[in-house]
1. Among the listed pairs Lys37/Lys315; Lys42/Lys107; Lys63/Lys315; Lys63/Lys123, give every one whose C-alpha distance is greater than 27 Å.
2. From the backbone phi of segment 147-161, what are the Karplus-calculated ³J(HN,Hα) couplings (6.51 cos²θ - 1.76 cosθ + 1.60, θ = phi - 60°) in whole Hz, Gly and Pro given as x?
3. So what's the projected area for segment 96-306, the Cα convex hull averaged over all directions, in nm²?
4. Beyond 17 Å, what share of the Cα-Cα pairs of segment 1-92 remains, rounded to the nearest whole percent?
5. Using θ = phi - 60° and the Karplus form 6.51 cos²θ - 1.76 cosθ + 1.60, what ³J(HN,Hα) does each residue of segment 268-281 get, whole Hz, x for Gly and Pro?
6. Simple spin-label model, 7 Å along Cα-to-Cβ: Lys311 to Ser290 in nm?
7. Are there chymotrypsin sites (Phe, Trp or Tyr not before Pro) in segment 1-53 that DSSP puts in a loop and that have at most 14 other Cβ atoms within 10 Å, and which ones?
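Coordinate-derived values only; no laboratory data. All of these numbers come straight from a predicted model, not from anything done at the bench. Every residue, glycine among them, receives a Cβ derived from its backbone with ideal geometry; neighbour counts consider all protein chains shown.
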Amino acid sequence: MPQIVRFGKYDLLERVNVGGMAEVWKARLRGVEGFEKIIALKRILPNIAEDTEFITMFIDEAKITVQLTHANIAQTHDLGKIDDSYFIAMEYVPGRDLRGIFDRARKRKQHVPVPLACYCISKVADALDYAHRKKDPQGRDLNIVHRDISPQNVLVSYDGEVKLIDFGIAKAASKASQTQAGILKGKFAYMSPEQIRGAPLDGRSDVFALGTVLYELLTGERLFVGESDFSTLENVRNMQILPPSTYNNRIPRELEPVVMKSLARDLNQRYRWASEFGADLQRFLLTQQSVFGPNDLAAYMRSTFSEEWNKEKAKAAELATAAAAPAAEPPPLSPPPHTGRAMTPGVPWESPVGSPAATTPPRIPGRSSLPPTSPSAAAGIPLAPPARGPALSPRVPVPPARAPERASGAPPWLGSLLAGAGGALVVALGVGAFLLFRSSAPPPGVLVVNATPVQAEVYVDGAREPGSVPFTLTLPPGDHDVEVRASGFATFRNRVQLPAGGQRIVDAELHAAQALPGH
């Protein structure tokens, strides 16, 4: 039976996701007369509690999303701080994200049903159009641009709801944090060409990213993902996009112009508003033999993810039983689960809600010889100091012997004083050497590995990394060999140069040995 932990006015029921910057809990808000509400609670991890840039971005996310009340945007309920931990209380969506739907279809060598893909994307388009047009109470445009539209940030519930999440790096006129020139935020494979160039962005950049998601759902192929971040960015710049029916001959011809218009390089040829994109998808759906709606989406989710859905219901029953038990004292915030090396900020917090999360306490990272250091603010990778100092040498047993003769004329307390002074000197020298080593060592870097399929195994410098996707690893600066392997797929290999205190992201897209039906 799960143990319920009290966190302010919330009960933490189950940790459902953890990344390098924040962790997400399924939680319960309890009130008077038996009132309660299940929510998702995202709180900052202690290893970046001093990162003012990320905290500002975290607060910006809450301030933006709390203004957005739309059926297809996960609602934000609360922003708070308990002790030194900021948190956001959000709507809990039991289900999977579009990346999970994409991966499950590929695993079964199937395509995502065309009506389902169009229906989900049309709902996200409605949400984006609402956000793009949102005004403040004084009637001024908020100029919100999501900037991180990707399959991981679209949740689909077992009840057939579609929810857009994660406005953490959204661009808005009222934001306190600003992106530095030359810094790319978001997932490279879903960036628009103008976003990669660093040009000013408007809602059409989100339309392009959403069109990329639709293209991948329809074809079962990643549109721009390359063997490295550089090749992915080059693919976006080159914009060599084949018609979707090239990969899936079941895609109706009348749908292709809609997809290609959303992916137009020329902004004037692309949809100006997300609502126009969504309207064309709705018109296409109305031409089909049967109307696809929420009930159809719910039926697909519950059958495709029957095991996950049954587990969700079983956990809900367990938590209802555990509700009668007294809540435990809140434990201290723990760093992300051990994945072979210390986890640090990587891809936004932002793996899908509902993904499995380890609950075992972290062990000492494999590269524990790295000294803790204060990384650059741009990387945002504060590390906790070591829990222990330098290890002491084991004591060597001394055989029994008679007491040494006291030195002539020396008082009895002199030996104790000298021994104490010697021990203090040894400790002082040891601490001084440790601090000197700590200050002179280069700061480590952070390597984030995203892999598809999600059951892939990751090897760094020949050593397998335990854990699950995404892998966020702290490594010494320099070159590292990355391999991603999965049964039935070609091995992905990449050599990554990791800068001191910097970050690199590797999106490993494994290609199956056999082509999908209809290619």
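1. Too far apart for the 27 Å limit: Lys42/Lys107; Lys63/Lys315.
2. 6, 9, 5, 7, x, 5, 9, 10, 9, 10, 7, 5, 9, x, 8
3. Numbers: hull surface 49.5 nm².
Averaged projected hull area, Cα only: 12.4 nm².
4. Values: 2130 of 4186 pairs.
Here the long-distance tail beyond 17 Å is 51 percent of all Cα pairs in segment 1-92.
5. Going residue by residue, I get 6, 8, 8, 4, 6, 10, 4, 5, 5, 4, x, 5, 5, 5 Hz, with x marking Gly and Pro.
6. 2.9 nm
7. Answer in residue order: Phe35.
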